[in-house]
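Here's the structure, in structure tokens; my notes come after.
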Amino acid sequence: MISVFKKLSWYFKEQWIRYTLAITALIIVNVLVVIPPTLLGEIIDSIQMNQLTNERFTQLVAFFITLVIVSYLISFFWDYTLFGRAILLEKKMRSLLMGHFMKMTPSFFGKYRTGDLMARATNDLKAIMMTAGFGILTLVDSTVFMAFIIAIMLFTIDVKLTLAALIPLPIMAFIMQKYGKAIHERFMKAQASFSELNNDTLESIQGVRVIRAFVQEKQDEKRFNDKTEEVFQKNIDVAKLDALFEPTIKVLVGLAYTIGLGFGSYLVIRGDITIGKLVSFNVYLGMLIWPMFAVGELINVMQRGNASLDRIDQILSHKPDVSTPEKPKLVERPESIIFKDLWFKYPDVSQYDLKNINLNIQRGETIGIVGMTGAGKTTVFRQLLREYPPAEKGALYINNVPIQEISLEQTRDWISHVPQDHILFSKTVRENILFGNPNASDDLIYEILETASLREDIENLPEGLDTLVGESGVTLSGGQKQRVSLARALIKNPEILILDDSLSAVDGKTESKIIEHLKRVRSNKTTLIAAHRLSAVQHADQIIVLENGEIVEHGTHEELMKHQGWYYTQFVIQQMEGGN
């Protein structure tokens with residue numbers, strides 16, 4: 001149980017002043033709370049002995065009211081401070097997680113699904129927040145407060161009576177320890193099941209069109225209901241153990257009350273204690289109910305927090321595959337990009353996806369990369385994007401400097417990438433385009449729209465640039481989404497522009513216009529284009545044909561046509577089909 005506090009020690013050290021003040025205030029309130037029962041016992045004994053005067057009664061009432069007001073003010077302070085720090089921890093860890101996600105490479109996102117990551121960033125962080133707030137409260141109340149009440153009972157009332165009434169405590173401690181271990185295991189299973197439900201729900205929402213197209217609504221609903229039932233049952237398993245805490249504690253508290261009243265009455269009859277002390281003792285026993293409950297709540301909250309913290313630590317312990325070198329070499333701008341005898345394979349895969357790649361690209365050149373599906377076009381781009389560790393054989397150089405010796409920020413700042421899967425944010429068209437250059441003017445935006453052959457489409461939208469595109473650009477057509485993504489890349493004016501089959505959803509005429517605009521605005525910058533439609537790369541300075549990760553043809557359009565290989569055959573077929 002204490003291990004969760006060790007895992008969070010970095011935060012407690014950072015916020016030690018606030019936590020010290022909060023815990024101190026909480027202890028002061030606990031001390032103040034145990035005073036009234038003593039006053040009550042004194043009043044009862046004074047009444048019994050006919051010694052209570054009006055003046056003394058007024059003093060005691062005034063003192064009691066003062067205690068209530070002071071306790072209220074101090075309680076507000078510790079509550080605000082303690083739970084405020086807990087909320088801050090949740091905020092910090094959520095920011096830490098998000099920053100970690102941004103550093104991760106595709107291998108990480110291949111291992112952890114989106115729904116699972118969302119569950120850890122929501123449910124698990126809530127459990128950790130409860131640990132840093134309510135957990136500290138129950139820890140203090142189940143230890144300091146309980147110890148203080150027991151000490152008052154021992155030294156101000158009667159030792160024998162107190163020890164007799166506390167016989168159930170060791171039994172409770174043993175039972176709570178057993179419950180805590182079982183809760184940890186069941187809560188881990190419940191959280192994992194919730195992650196799976198998140199994944200399935202996300203997939204169903206994203207794939208709703210496919211589900212409808214194949215008339216699979218009922219099957220998907222059944223699958224969702226089955227998963228929901230699984231989550232429900234695993235949470236019920238946790239709830240069953242939760243439900244055992246209260247009755248177990250009530251039985252033990254009832255036993256303590258029975259012993260206290262029976263043995264206490266016997267001591268009153270013998271004259272060992274007064275009736276006032278017996279009343280005070282029973283009030284203190286009543287006050288022990290919460291600390292005893294706090295023991296159960298502490299174990300419950302700690303085990304949940306520990307399980308959630310393990311799940312978060314599992315994510316944060318995952319190191320990025322690619323990182324900036326300690327002493328990166330400075331390269332002002334990429335004058336040359338050289339692939340030299342480069343071999344590459346994806347993690348956990350035995351076969352090479354790129355084999356003996358040799359390519360020399362000079363600044364200002366346009367490079368076309370073509371080949372059958374799965375030939376390795378995107379994999380070539382991923383070497384420049386540094387999504388995976390450096391190749392095992394060969395190397396990729398920028399200005400004769402190995403790319404892994406240059407900072408990640410530098411290489412990624414040079415590049416604008418338009419991937420095959422176009423990701424648009426649930427914002428306006430303007431905001432999506434400005435993502436590449438937040439400070440761009442409207443004049444520049446419209447200039448870029450012309451380059452992407454998008455201006456007319458945007459002007460026909462209900463609110464022009466300020467039209468909301470919806471989640472993942474749902475309100476736009478496939479071609480419009482591609483061109484918005486292209487505009488977002490172009491407005492950055494990158495040194496290296498990578499177009500990964502980014503014109504597949506536009507017609508041949510629009511593609512031709514875009515290519516002409518690109519040739520004009522990118523005359524002194526490097527452009528790499530992967531395409532299935534060869535007309536998109538016909539103008540390139542160099543064209544490579546990939547087959548099973550190897551370059552099988554290399555040259556200009558004219559040279560490859562003379563060679564009459566795969567490129568020639570494919571180009572002729574596409575021309576006969578009308579360029580489609």
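How about the stretch 27-47: which of its residues are in a helix (DSSP H, G or I), closer than 13 Å to S71 by Cα and out of contact with any Asp or Glu (no Cβ under 8 Å at 6 or more places or on another chain)?
Step one: filter the stretch 27-47 for residues in a helix (DSSP H, G or I), giving 27-33, 35-47.
From the residues that got through so far, the ones that are closer than 13 Å to S71 by Cα too are 27-33, 35-36.
Residues satisfying the conditions are I27, I28, V29, V31, L32, V33, I35, P36.
Here N198, N225, N306, N282 are screened, and the one residue that is over 30 Å from G99 (Cβ atoms), under 26 Å from the mean Cα position of the chain (by Cα) and of a type in the set (S, T, N, Q) is N225. Close contacts from the stretch 444-472, counting a first residue that is more than 13 Å from K427 (Cβ to Cβ) and in contact (Cβ under 8 Å) with a residue 24 or more places away in the chain and a second that is of a type in the set (F, W, Y) and part of a helix (DSSP H, G or I), with Cβ to Cβ under 9 Å and a gap of 6+ residues or different chains, come to I458/Y446.
Residue under question is D79, and the condition is that it be farther than 29 Å from Q15 by Cα, part of a helix (DSSP H, G or I) and either out of contact with any Pro (no Cβ under 6 Å at 6 or more places or on another chain) or modelled with pLDDT of 85 or more (or both); does it hold? Answer is no for this residue. Among the candidates S71, S75, the residue that is surrounded by fewer than 17 Cβ atoms within 10 Å (Cβ to Cβ), over 30 Å from L384 (Cβ atoms), among the hydroxyl-bearing types (S, T, Y) and in contact (Cβ under 8 Å) with a residue 24 or more places away in the chain is uniquely S75.
Is it true that I211 is in contact with an Asp or Glu (Cβ under 8 Å, 6 or more places away or on another chain) and without any contact (Cβ under 8 Å) to a residue 40 or more places away in the chain? First the steps, then the outcome.
Details: in contact with an Asp or Glu (Cβ under 8 Å, 6 or more places away or on another chain): yes; without any contact (Cβ under 8 Å) to a residue 40 or more places away in the chain: yes.
When the stated conditions are applied, I211 passes them.
Residue count for the stretch 286-323 under the criterion of being surrounded by 15 or more Cβ atoms within 10 Å (Cβ to Cβ) and part of a loop (DSSP other than H, G, I, E, B): the result is 5.
Report yes if G207 is at pLDDT 80 or above and either more than 19 Å from N123 (Cβ to Cβ) or exposed (fewer than 13 other Cβ atoms within 10 Å of the Cβ) (or both), otherwise no. Full working, then the answer.
Details: at pLDDT 80 or above: no; either more than 19 Å from N123 (Cβ to Cβ) or exposed (fewer than 13 other Cβ atoms within 10 Å of the Cβ) (or both): yes.
It is false that G207 is at pLDDT 80 or above and either more than 19 Å from N123 (Cβ to Cβ) or exposed (fewer than 13 other Cβ atoms within 10 Å of the Cβ) (or both).
Determine which single condition M1 fails, assuming it passes every other condition in (1) assigned to a helix (DSSP H, G or I); (2) at pLDDT below 90; (3) not polar (S, T, N, Q). Here M1 meets the rest and fails (1).
Suppose we filter E230, E217 for residues that are out of contact with any His (no Cβ under 7 Å at 6 or more places or on another chain) and surrounded by fewer than 13 Cβ atoms within 10 Å (Cβ to Cβ); which single one remains?
On the way: E230 fails: surrounded by fewer than 13 Cβ atoms within 10 Å (Cβ to Cβ).
From the options E230, E217, the qualifying one is E217.
Restricting N235, N282 to those that are modelled with pLDDT of 85 or more and not basic (K, R) reduces the list to N235.
Residues in the stretch 107-124: is at least one surrounded by fewer than 21 Cβ atoms within 10 Å (Cβ to Cβ), under 12 Å from the mean Cα position of the chain (by Cα), free of Cβ contacts under 8 Å to residues at least 60 places away in the same chain and at negative phi? Looking for residues that are surrounded by fewer than 21 Cβ atoms within 10 Å (Cβ to Cβ), under 12 Å from the mean Cα position of the chain (by Cα), free of Cβ contacts under 8 Å to residues at least 60 places away in the same chain and at negative phi, one finds at least one in the stretch 107-124, hence yes.
Scanning the stretch 266-285 for residues that are of a type outside the set (D, E, K, R), free of Cβ contacts under 8 Å to residues at least 12 places away in the same chain and not in a loop (DSSP other than H, G, I, E, B) yields a count of 3.
With E516, E558 as the choices, which residue is closer than 30 Å to D341 by Cα and either out of contact with any Asp or Glu (no Cβ under 8 Å at 6 or more places or on another chain) or part of a loop (DSSP other than H, G, I, E, B) (or both)? Steps first, answer last, please.
On the way: E516 fails: closer than 30 Å to D341 by Cα.
Criteria check complete, one pass: E558.
Does E577 meet the test of being farther than 25 Å from G364 by Cβ and either in contact (Cβ under 8 Å) with a residue 40 or more places away in the chain or touching a Gly at 6+ places or on another chain (Cβ under 6 Å) (or both)? Explain how you work it out, then say what you get.
Values: farther than 25 Å from G364 by Cβ: yes; either in contact (Cβ under 8 Å) with a residue 40 or more places away in the chain or touching a Gly at 6+ places or on another chain (Cβ under 6 Å) (or both): no.
For E577, the condition - farther than 25 Å from G364 by Cβ and either in contact (Cβ under 8 Å) with a residue 40 or more places away in the chain or touching a Gly at 6+ places or on another chain (Cβ under 6 Å) (or both) - is not met.
A single member of T274, T258 is surrounded by 14 or more Cβ atoms within 10 Å (Cβ to Cβ) and of a type outside the set (G, A, S), and it is T274. Taking the condition of being more than 19 Å from I515 (Cα to Cα), surrounded by 17 or more Cβ atoms within 10 Å (Cβ to Cβ) and of a type outside the set (V, I, T), how many residues in the stretch 438-467 meet it? Residues in the stretch 438-467 being more than 19 Å from I515 (Cα to Cα), surrounded by 17 or more Cβ atoms within 10 Å (Cβ to Cβ) and of a type outside the set (V, I, T): 3 in total. Put simply, of D341, D313, D348, D353 the only residue that is farther than 30 Å from A391 by Cβ and acidic (D, E) is D313.
Number of residues in the stretch 4-26 that are in a helix (DSSP H, G or I), crowded, with 17+ Cβ neighbours inside 10 Å and either in contact with a His (Cβ under 6 Å, 6 or more places away or on another chain) or hydrophobic (A, V, I, L, M, F, W, C) (or both): the value is 7. Of all residue pairs spaced 6 or more apart or on separate chains, those with beta-carbon atoms under 7 Å, a first member in the stretch 190-201 that is within 18 Å of N306 (Cβ to Cβ) and a second member that is small (G, A, S) and assigned to a helix (DSSP H, G or I) are Q191/A119; Q191/A307; Q191/S308; F194/A119; S195/G115; S195/A119. If you go through the stretch 425-484 and pick out every residue that is more than 15 Å from A505 (Cα to Cα) and part of a helix (DSSP H, G or I), you end up with 25.
Among residues of the stretch 227-256 that are in contact (Cβ under 8 Å) with a residue 24 or more places away in the chain, those with a Cβ under 7 angstrom from a residue that is among the polar types (S, T, N, Q) and surrounded by 18 or more Cβ atoms within 10 Å (Cβ to Cβ), sequence gap 6+ or separate chain, pair up as E230/S193; V231/S193; K234/S193; D242/N300; F245/N300.
Scan I167, I183, I152, I171 and give me the residue that is farther than 30 Å from I273 by Cα and not acidic (D, E).
Details: I167 fails: farther than 30 Å from I273 by Cα; I152 fails: farther than 30 Å from I273 by Cα; I171 fails: farther than 30 Å from I273 by Cα.
Of I167, I183, I152, I171, the one residue that is farther than 30 Å from I273 by Cα and not acidic (D, E) is I183.
Residues considered: N493, N524. Of these, the only one that is assigned to a loop (DSSP other than H, G, I, E, B) and either in contact with a Phe, Trp or Tyr (Cβ under 9 Å, 6 or more places away or on another chain) or at negative phi (or both) is N524.
Applying the criterion of being under 19 Å from L97 (Cα atoms) and among the β-branched types (V, I, T) to the residues of the stretch 309-351, the residue that is modelled with the lowest pLDDT is V322.
The values are calculated or read from the model by the stated rules, or taken from the named source; none is laboratory data. Not measured: the values here are computed from a predicted model. Please note: Cβ atoms are built from the backbone with ideal geometry, for glycine as well, and neighbour counts cover all protein chains shown.
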